[in-house]
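Report on one structure; see the data block that follows.
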Amino acid sequence: MNSTVAPTVHSIEAKPGHRLVPALVGTRASNQIAYIACPNWCVDDHTDCPTMLDDIDHNGATVGVVVPTYYESDDDHAWSARLMADPNATDPRSRAAHLAVGDETRFEARLAPSAAEKLADELVGFAAQLRQLARTARLHNQTAGDSDPSMDEALRRLRADKWRSLSDEDIAALPIVRLLKAFGVMVVEYDIAGVELLGEPGHMELRVGRATRQQLRDSEARRLIAEYAAGARRV
Ligand SMILES: [Zn+2]
C-alpha cells in the first residue's frame with residue numbers, strides 16, 4: 001500500500017501555485033489520509049471531515065462587508081466573496097479558479113475573473129452613489145432641523161403644550177382651523193355617526209362620520225376640544 005503513495009506525491013509536486021496537503025479521503029466509516037494538490041490560496045483543512053476524492057474542492061478566505069441596520073428586529077445583511085476551485089467539476093469554469101459571491105439570501109453567484117473585475121468596477125460606482133445618497137440625507141436632516149432626536153422630542157413637547165396658552169374664550173372664538181392646529185388635531189372620516197375626539201394634544205384624531213354636515217363637524221369639534229381642555233386643566 002505505501003509503495004503507491006510516493007509516485008503520486010511526486011507527480012503532484014510539480015504543479016505550480018499548489019502545495020501538497022493531507023486530506024482525509026473516503027467516508028466516515030472508511031477513510032485514509034492522502035496527499036492532494038491544494039492551491040496556495042486555499043484555507044480549507046482537508047482533514048477535518050472525510051470527503052470522497054471527487055468531492056474535494058478548494059476555498060479561499062472570505063472577504064466581505066456587513067450592511068448594518070438600526071432596526072434591532074432586522075438582521076444585518078452581509079455580502080461576501082471568496083476564491084474557489086472544484087477540480088472535479090464538469091464545467092471547466094468551475095474547475096478553474098473563480099469567485100463565489102453571495103449575499104446570504106440565495107445560492108452564491110459564480111464569477112470568472114473577468115466578470116469579477118467588471119463587478120468590482122460597478123461597485124466602485126455604487127460606492128460613489130452611496131456617498132452621494134448619504135450626503136443628500138445628511139443635508140435634508142440638517143435643513144429639516146431634526147438631526148438631533150432629543151431636539152425633535154423637545155419641539156414636539158413644545159408644540160403639544162401650545163394649547164395651554166389658550167383661554168376658554170379663545171377656544172370658543174378662534175377659527176376652527178387654527179383651533180385644530182393649536183391642539184394638533186388630524187381630521188379623519190369614518191363610517192360612524194357623529195364626531196369623536198381621541199388622543200392627546202399634538203397628536204389628536206377627530207373622527208368624523210362621513211354623513212356629518214360641515215357645520216356640525218365644526219361645532220362638535222369645538223365642543224369636544226373645549227371639553228378636553230376643561231378636563232385637562234382640572235387635573
Ligand atoms: Zn484546498
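Throughout, read-outs are computed from the coordinates displayed, never taken from laboratory work. Remember, predicted model here, so these are calculated numbers, not experimental data. Heads up, the Cβs are rebuilt from the backbone with ideal geometry, glycines too, and the neighbour counts pull from every protein chain shown.
Using +1 on the beta carbon of Lys and Arg, -1 on that of Asp and Glu, and nothing else charged, what's the dipole of the chain about the Cα centre, debye to 20?
I would put it at about 900 debye.
Please report, in Å, the Rg and the Dmax of the chain, where both are computed over Cα atoms only.
Expressed in Å, the Cα Rg and Dmax of the chain come to 35.1, 109.
Express as a percent, rounded to the nearest 5, the fraction of DSSP beta bridges in the chain (both residues included) that run antiparallel.
80
Given the peptides 185-191, 199-205, 131-137, 94-100, arrange them by the average over their residues of other C-beta atoms within 10 Å, most packed first.
Those peptides, ordered most packed to least, come out 94-100, 199-205, 185-191, 131-137.
Nearest-5 percent of antiparallel DSSP beta bridges in the stretch 156-234?
Taking every DSSP beta bridge with both residues in the stretch 156-234, the antiparallel ones total about 50 percent.
Report the FRET efficiency, 1/(1 + (r/R0)^6), for residue 210 and residue 172, where r is their Cβ-Cβ distance and R0 is 25 Å, rounded to 0.05.
After rounding, the FRET efficiency stands at 0.40.
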